[in-house]
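Notes follow the structure.
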Amino acid sequence: MNTSIQSAARRRSRAAIAGLGAAVLASAGLVSGAAPALAVPGTGNDDAASHFSSQVLASNGDNAIDPVLGKFYRIVGLASLGNGVVLAAYDGRPDGADSPSPNSIIQRRSTDGGKTWDAPQYIARGQVTAPGVLRYGFSDPSYVVDRETGTIFNFHVYSKDAGFAASHLGNDDADRMVISSEVSVSTDGGLTWSTDPANQSTLPTPSDYAPGSKYAGFAGPLITNVVKPEGTTVNGVANVGGVVGQFASSGEGIQLQYGPHKGRLIQQFAGTIVQTDGSKQIQAYSVYSDDHGKSWRMGQPVGTKMDENKVVELSNGDVMLNSRDNAGVGGRRISISHDGGETYGPVTYDSTLTDPRNNAGITRVFPNAPEGSADAAKLLFSNADNPPSNRVNGNNRINGTIRYSCDNGATWSTSRAFAPGLPTAYSTVTPLGNGRYGVLYEGDHNTITFDTFDAQWLGPLCGTLSAGAASVAAGGTADVTFTVANRDDHAFSRGTVTLTLPSGWTATDANVPALPAGQSATVTVRVTAPASAKAGTVTGHAEFSAAQGHLDVKVPMTVTP
């Protein structure tokens, strides 16, 4: 093993980048002490120190709300209101299908940070076809919380006879072949909703709230005319900019904290949009409000081959869009807005965020951190982290994982699986405000599962672990170099680099000396491939572990004949 130490300061791409090591977190009050066991029994396990917990909120066939409307479950939305109040939303599906099935938006509410949950309730209840009764459905919930007024919004699809793919152009909500958009409102912390059965006992949904209603000052409940314009004729091409199909991206929207648009509410949408050449592309766009939900506006669409997408405010006030890749290349599509989501710049590709065409979540570690501070640059990302080389059919949604960035998402230094090797479809992650974070996701057989974790469980460090070229012949050995760089504001203690590879492979460990802030070390790991290894690429997982936390990176190993 060869080891060298050199300065990493000159290679820093950003200044004043601080880490989120456990020692720093403890002083910041982010690391919570041992928490009591969950009061509601779950199907998961709590570790001994209660740094991680897991429980199932809904399971297919549980008859928790209705044996017909709630027979199956899918899709997730999550929000923390503070003071222990957490809202979890999901689809109830009679037949398990997406819109235009007569789905419902179901919610469970917690008042103790997600330890226990109230019985499920409807935000919007679907209607099954019957003699003399037409079908209506609601799908894909996403919360947006106005932390200045306390109002909560839940965006979702409102469907009749057409879903996303079959929808017609236009925004007439009475047209049963137009997929519509609804936003529900709660002014009492999610206890009641403007579209729940008490307020909307029969369908179809009205286009506007009744005069005199306590919701009359809000836009909606239908906002299809905002999010689904018909477009205009450009150079003889009709309906340019027209949205054919659309849906709000399930999960959670944001409220801006900085700059000239402070207080703006943003919800992300995906839509099939007519282009200047008459073709149609799936693009992403923001729908935003500057008047606390009294009105909503649609921003400029961006990209091609987009899909469910989320945004997060960066430390300088920019808004970063992070989108599922509809083309399924294996990473995430990224774009930056400098005007609060009204427009976005060029779309780039982040191949390090490996993703099997899935809906993911992204959030700030410290939502209230001062603008420009190191804490404001710290992000969390949740998804099914399964690289293309490990997929059997090209779209294996497994291995639910949390990833951490200390530099506004430029790099992702630390990850840990919350569902290691297990089925994980859509997910969303949010701070719970008590030193813990919550992730709501679709687990095995689409069970709606809620996990919580703290920084000690995640063990994040601000730094990089990078691998040199890795190539080995079947049955042979090769040396792979790894460089550990400390970009944190405190030293890393002595640690170890380990490389995990598939069965039959072996790799030595490498000891890493203590690293002061701004320093790096390079070590060597010897890899041996089995004689049965086939030519191609094998993906390994390397990890640097020290007392303060860990760094990790995927390592593609090229196998030669």
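The values are calculated or read from the model by the stated rules, or taken from the named source; none is laboratory data. Note that the structure is a prediction, hence the values are computed from the model and not measured. A quick note on method: Cβ atoms are made from the backbone with ideal geometry, for glycine too, and the neighbour counts reach across all protein chains shown.
Examine segment 140-162 for a residue that is β-branched (Val, Ile, Thr) and over 25 Å from Ala360 (Cα atoms), and state whether such a residue exists. Give the steps one after another, and end with the answer.
Taking segment 140-162 first, the residues β-branched (Val, Ile, Thr) are 144-145, 149, 151-152, 157.
Filter once more, so that each one left must be over 25 Å from Ala360 (Cα atoms): 149.
Yes, segment 140-162 contains at least one residue that is β-branched (Val, Ile, Thr) and over 25 Å from Ala360 (Cα atoms).
For segment 144-162, which residues satisfy the criterion of being of a type in the set (D, E, K, R) and either buried (at least 23 other Cβ atoms within 10 Å of the Cβ) or touching a strand residue (DSSP E or B) at 6+ places or on another chain (Cβ under 9 Å) (or both)?
Passing the criteria: Asp146, Arg147, Glu148, Lys160.
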Original post:
Hey, Ala210 hits all of (1) in contact with a Ser or Thr (Cβ under 6 Å, 6 or more places away or on another chain); (2) over 24 Å from Ala165 (Cα atoms) but one; which does it fall short on?
Top reply: (1)
Original post:
Any residue at all in segment 248-259 that is without any contact (Cβ under 8 Å) to a residue 40 or more places away in the chain and either buried (at least 24 other Cβ atoms within 10 Å of the Cβ) or out of contact with any Ser or Thr (no Cβ under 6 Å at 6 or more places or on another chain) (or both)?
Top reply: no
**OP:** Please state which of the following conditions His292 fails to meet, knowing it meets all the rest: (1) surrounded by fewer than 24 Cβ atoms within 10 Å (Cβ to Cβ); (2) under 18 Å from the mean Cα position of the chain (by Cα).
**Re:** (2)
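Does segment 33-45 contain at least one residue that is within 30 Å of Pro516 (Cα to Cα) and at pLDDT below 50?
To start, the set of residues in segment 33-45 that are within 30 Å of Pro516 (Cα to Cα) comprises 33.
From what is left, the residues that are at pLDDT below 50 are 33.
Yes; the residues of segment 33-45 include at least one that is within 30 Å of Pro516 (Cα to Cα) and at pLDDT below 50.
In segment 395-423, what count of residues is obtained for those that are among the β-branched types (Val, Ile, Thr) and assigned to a loop (DSSP other than H, G, I, E, B)? Even if it seems obvious, please write down each step before you answer.
As a first pass, look at segment 395-423 and keep what is among the β-branched types (Val, Ile, Thr): 398, 401-402, 411, 414.
From the residues that got through so far, the ones that are assigned to a loop (DSSP other than H, G, I, E, B) too are 411.
Residues in segment 395-423 being among the β-branched types (Val, Ile, Thr) and assigned to a loop (DSSP other than H, G, I, E, B): 1 in total.
Take the conditions free of Cβ contacts under 8 Å to residues at least 12 places away in the same chain, farther than 20 Å from Glu543 by Cβ and touching a helix residue (DSSP H, G or I) at 6+ places or on another chain (Cβ under 9 Å) and apply them to Pro423. Does it pass?
Numbers: free of Cβ contacts under 8 Å to residues at least 12 places away in the same chain: no; farther than 20 Å from Glu543 by Cβ: yes; touching a helix residue (DSSP H, G or I) at 6+ places or on another chain (Cβ under 9 Å): yes.
No, not satisfied.
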Original post:
Which of the residues that make up segment 297-323 are part of a loop (DSSP other than H, G, I, E, B), surrounded by fewer than 23 Cβ atoms within 10 Å (Cβ to Cβ) and hydrophobic (A, V, I, L, M, F, W, C)?
Top reply: Leu314
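Would you point out which residue out of Asn326, Asn386, Asn359 is free of Cβ contacts under 8 Å to residues at least 40 places away in the same chain, outside any strand (DSSP E or B) and touching a strand residue (DSSP E or B) at 6+ places or on another chain (Cβ under 7 Å)?
Numbers: Asn326 fails: free of Cβ contacts under 8 Å to residues at least 40 places away in the same chain; Asn359 fails: free of Cβ contacts under 8 Å to residues at least 40 places away in the same chain.
Step by step, each of Asn326, Asn386, Asn359 is checked, and only Asn386 is free of Cβ contacts under 8 Å to residues at least 40 places away in the same chain, outside any strand (DSSP E or B) and touching a strand residue (DSSP E or B) at 6+ places or on another chain (Cβ under 7 Å).
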Original post:
Considering only residues of segment 193-205 that are at pLDDT 95 or above and either exposed (fewer than 15 other Cβ atoms within 10 Å of the Cβ) or outside the structural domain of Gln267 (by TED's automatic domain parsing) (or both), which is farthest from Ile123 (Cα to Cα)?
Top reply: Ala198
Original post:
Pick from segment 74-116 the residues that are hydroxyl-bearing (Ser, Thr, Tyr) and closer than 28 Å to Gln255 by Cβ: which of them is surrounded by the fewest Cβ atoms within 10 Å (Cβ to Cβ)?
Top reply: Thr116
